[in-house]
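I have placed the structure first, in the form of structure tokens, so that the comments after it can refer back to it.
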Amino acid sequence: MPTNIQIKSLQLTKFKRVDIVDIDLGATNVLVGGNNSGKSSVLQGIHFSVCAAVASRLIERNTFAQSALLYCPAHEFVTLRHGSEYLNQSNFSHLTLKAEIGGNEVESKIKIYRGRNEGNIGCTRTGNAILGAAVTTSSSLFSIYVPGLAGIPRQEEYRTESVIRRGIAGGDANLYLRNVLFLISKKKRLTQLVELMQSVFPRFWLSVSFNEREDVYISVTVSLTGPYGSKWPLELSGTGVLQALQIFSYVTLFEPSLLLLDEPDAHLHPDNQGLLASTVLTISLQTKTQVILSTHSRHLVEALYDEANFIWLKEGRVIDQGIGLDRLPLLLDLGALDTFDKLRGGEINWVVLTEDSKLALVKTLLESSGFDLNTVAIYSYKTSTNIQSALALCGFIKDVVPMTHVIIHRDRDFMTDQEVKLVQKNIIEADAIPFITLHSDLEGYFLDLAHLAMLLDKDETEIKEWLDQLAASIHNKLQHSYTRKRDQIKQSLYRKNPDECPETIDLIGDDIPLDPSKRLGKTMLKLVRSSMNGMFGKNVNPMAPSDALKCIELQQIFEEYTE
């Protein structure tokens with residue numbers, strides 16, 4: 001009988017949040033969608049159905065006690081059905097798996113229902129015998145479900161293989177990692193595991209030690225610098241190493257056809273999410289295991305984009321799927337999936353795409369300019385070099401809700417008036433509204449003389465003298481910031497004609513202190529906050545709103561588009 005049969009597609013119906021989903025499967029598959037879209041339900045539904053089929057085959061009966069299940073994500077299985085509880089010979093759920101065997105497309109169908117006796121689960125299996133046998137084999141695990149890759153206990157007692165198998169199948173994989181590693185060692189597969197790990201950590205090494213006659217706990221030592229480098233106990237390894245080792249270990253020992261990872265990126269640093277993506281892709285390249293993972297992480301999506309099959313879910317149904325879904329990484333990058341529901345519902349009138357990663361400043365400026373924040377959705381597209389991402393997302397929004405006003409913010413960054421017009425032209429051509437700051441950046445608005453004078457209860461002349469003194473004290477730093485920004489402008493706007501870019505030395509001039517228009521707001525605002533108490537004997541938050549805080553550009557936009 002062939003093992004690790006590649007599943008071409010699956011259909012899951014009536015399980016938890018899933019009504020019906022039809023999914024085409026590749027080597028690596030990523031479930032994405034807003035909260036409560038059904039991502040976890042898909043993974044749990046697959047594993048629950050497989051475990052029910054395994055129990056039915058082992059017991060050789062169509063009905064059996066719930067306790068026979070290796071995995072059940074609810075105290076009472078009857079509550080797992082979507083819409084209404086399972087009933088005897090009605091209110092079913094189904095998992096249908098399709099594969100190609102011997103050049104023919106075949107399928108295996110698992111039907112779940114409630115048995116006649118109270119507490120009994122019913123399961124019938126139909127379809128291709130070879131595929132059905134592969135799904136329910138007891139010699140390996142067809143599917144492994146990992147509900148978030150967690151840390152490991154400080155020590156593990158030795159467990160028999162049957163206990164480990166039940167624990168892994170039941171979703172408690174992290175509790176048995178050392179036992180899994182010991183089994184891999186006993187089965188002479190440690191070299192295979194190390195080679196997989198070295199595809200992500202090139203000098204990875206580990207040793208497993210356990211004497212079945214004398215020891216109680218299994219000892220595992222690892223190194224990232226080879227067998228002669230620094231070594232440490234397994235439990236002291238970093239999260240990225242532990243997660244990769246867990247995944248590779250399950251695949252090495254059990255050779256599952258399906259590895260189901262439920263939000264493995266949870267609480268994981270973006271750098272380690274990149275390692276996680278490398279781990280997943282290594283599995284698809286070097287093993288026959290297919291991976292299905294769910295995620296909210298834009299970092300993981302970006303790392304797997306163009307490499308994985310993406311399945312976009314909403315309300316228990318597939319909205320779209322395929323490799324390189326149009327604009328999908330942009331949507332996740334901006335956290336936009338959930339908000340599009342509000343957009344379609346007419347609750348959002350304005351979408352602001354800002355280059356700032358922190359949204360507090362733009363929110364304050366919008367509110368001071370007349371915008372009702374309840375009708376505004378704000379997303380960061382990160383740094384001005386990614387403005388093309390904002391333009392592309394604007395096109396998507398306009399396709400979905402043509403009447404929504406999209407504002408794209410970019411800091412002036414010491415652009416000349418002519419350069420600002422070029423940027424504005426690109427934004428307008430994308431059917432968006434340009435918001436180019438009057439000052440070097442958003443922080444510049446919070447350095448307004450009237451605004452600071454009102455907050456500090458001082459005269460504007462005194463505030464101006466203070467700011468000029470601060471600017472003179474860090475003149476070289478401000479001058480460097482100006483030069484660096486102009487270099488970036490030359491690279492982005494004058495790539496094809498660099499000789500047409502104005503000379504920075506002509507633009508900056510010789511004045512000390514620099515004119516306020518040539519001071520980087522971010523740098524000045526930090527200095528204002530740190531020196532305020534020494535200058536005036538009190539601290540106020542310069543980023544707080546005041547009656548004097550104004551953003552003429554946003555005020556004009558609001559007035560023009562709300563007439």
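The values are calculated or read from the model by the stated rules, or taken from the named source; none is laboratory data. Only a predicted model underlies this, so the values are computations on that prediction, with no experimental measurement involved. Note that each Cβ is placed from the backbone with ideal geometry, even for glycine, and that neighbours are counted across all protein chains shown.
Can you find a residue that is among the basic types (K, R) and more than 39 Å from the chain's Cα centre (by Cα) anywhere in the stretch 521-533? Within the stretch 521-533, none of the residues are among the basic types (K, R) and more than 39 Å from the chain's Cα centre (by Cα).
Before we move on, is V222 at pLDDT 90 or above and either in a strand (DSSP E or B) or on the phi > 0 side of the Ramachandran plot (or both)? Walk me through it before giving the result.
Values: at pLDDT 90 or above: yes; either in a strand (DSSP E or B) or on the phi > 0 side of the Ramachandran plot (or both): yes.
When the stated conditions are applied, V222 passes them.
Looking across H451, H475, H439, one residue alone is over 33 Å from the mean Cα position of the chain (by Cα) and under 17 Å from H409 (Cα atoms). It is H439.
Going by the conditions given, is V180 surrounded by 23 or more Cβ atoms within 10 Å (Cβ to Cβ) and either outside the structural domain of I110 (by TED's automatic domain parsing) or β-branched (V, I, T) (or both)? Please lay out each step first, then the result.
Working: surrounded by 23 or more Cβ atoms within 10 Å (Cβ to Cβ): yes; either outside the structural domain of I110 (by TED's automatic domain parsing) or β-branched (V, I, T) (or both): yes.
Considered against the rule, which asks whether it is surrounded by 23 or more Cβ atoms within 10 Å (Cβ to Cβ) and either outside the structural domain of I110 (by TED's automatic domain parsing) or β-branched (V, I, T) (or both), V180 comes out as yes.
Residues in the stretch 171-186 that are touching a residue at least 24 places away in the same chain (Cβ under 8 Å) and of a type in the set (S, T, N, Q): N174, N179. For L259, are the conditions met, namely being touching a Lys or Arg at 6+ places or on another chain (Cβ under 8 Å) and either assigned to a loop (DSSP other than H, G, I, E, B) or at pLDDT 90 or above (or both)? When the stated conditions are applied, L259 does not pass them. For I508, the conditions (1) of a type in the set (V, I, T); (2) buried (at least 17 other Cβ atoms within 10 Å of the Cβ); (3) touching a residue at least 40 places away in the same chain (Cβ under 8 Å) all hold with the exception of (3). Restrict the check to the stretch 484-494 and report whether at least one residue is farther than 18 Å from R410 by Cβ and in contact (Cβ under 8 Å) with a residue 24 or more places away in the chain. No, the conditions are met nowhere in the stretch 484-494.
Out of S531, S517, one residue alone is in contact with a Gly (Cβ under 9 Å, 6 or more places away or on another chain), part of a helix (DSSP H, G or I) and surrounded by fewer than 17 Cβ atoms within 10 Å (Cβ to Cβ). It is S517.
Here is a check on your reading of the model: is N539 part of a helix (DSSP H, G or I), surrounded by 11 or more Cβ atoms within 10 Å (Cβ to Cβ) and not aromatic (F, W, Y)? Answer is no for this residue.
Of the residues making up the stretch 14-39, those that are among the polar types (S, T, N, Q) and surrounded by fewer than 20 Cβ atoms within 10 Å (Cβ to Cβ) number 2.
Among residues of the stretch 418-437 being surrounded by fewer than 18 Cβ atoms within 10 Å (Cβ to Cβ) and not basic (K, R), the one that is farthest from A390 (Cα to Cα) is Q418. Restricted to the stretch 262-273, and to residues there that are over 23 Å from I23 (Cα atoms) and over 11 Å from the mean Cα position of the chain (by Cα), the residue that is modelled with the highest pLDDT is N272.
Just one of S49, S56 is touching a Cys at 6+ places or on another chain (Cβ under 9 Å), crowded, with 24+ Cβ neighbours inside 10 Å, polar (S, T, N, Q) and assigned to a helix (DSSP H, G or I); which is it? Walk me through it before giving the result.
Details: S56 fails: crowded, with 24+ Cβ neighbours inside 10 Å.
It is S49.
Under the condition of being touching a helix residue (DSSP H, G or I) at 6+ places or on another chain (Cβ under 6 Å) and part of a helix (DSSP H, G or I), which residue from the stretch 184-196 is modelled with the lowest pLDDT?
Applying the first criterion (touching a helix residue (DSSP H, G or I) at 6+ places or on another chain (Cβ under 6 Å)) to the stretch 184-196 yields 184, 189-190, 192-193, 196.
Within this subset, residues satisfying the condition of being part of a helix (DSSP H, G or I) are 184, 190, 192-193, 196.
Values: I184: 95, L190: 95, Q192: 93, L193: 94, L196: 90.
Going through the qualifying residues, I end up with L196.
Scan V30, V42 and give me the residue that is closer than 15 Å to K314 by Cα and assigned to a strand (DSSP E or B).
On the way: V42 fails: assigned to a strand (DSSP E or B).
The conditions single out V30.
Among all positions in the stretch 487-498, there is no residue which is loosely packed, with under 12 Cβ neighbours inside 10 Å, more than 27 Å from K421 (Cα to Cα) and of a type outside the set (D, E).
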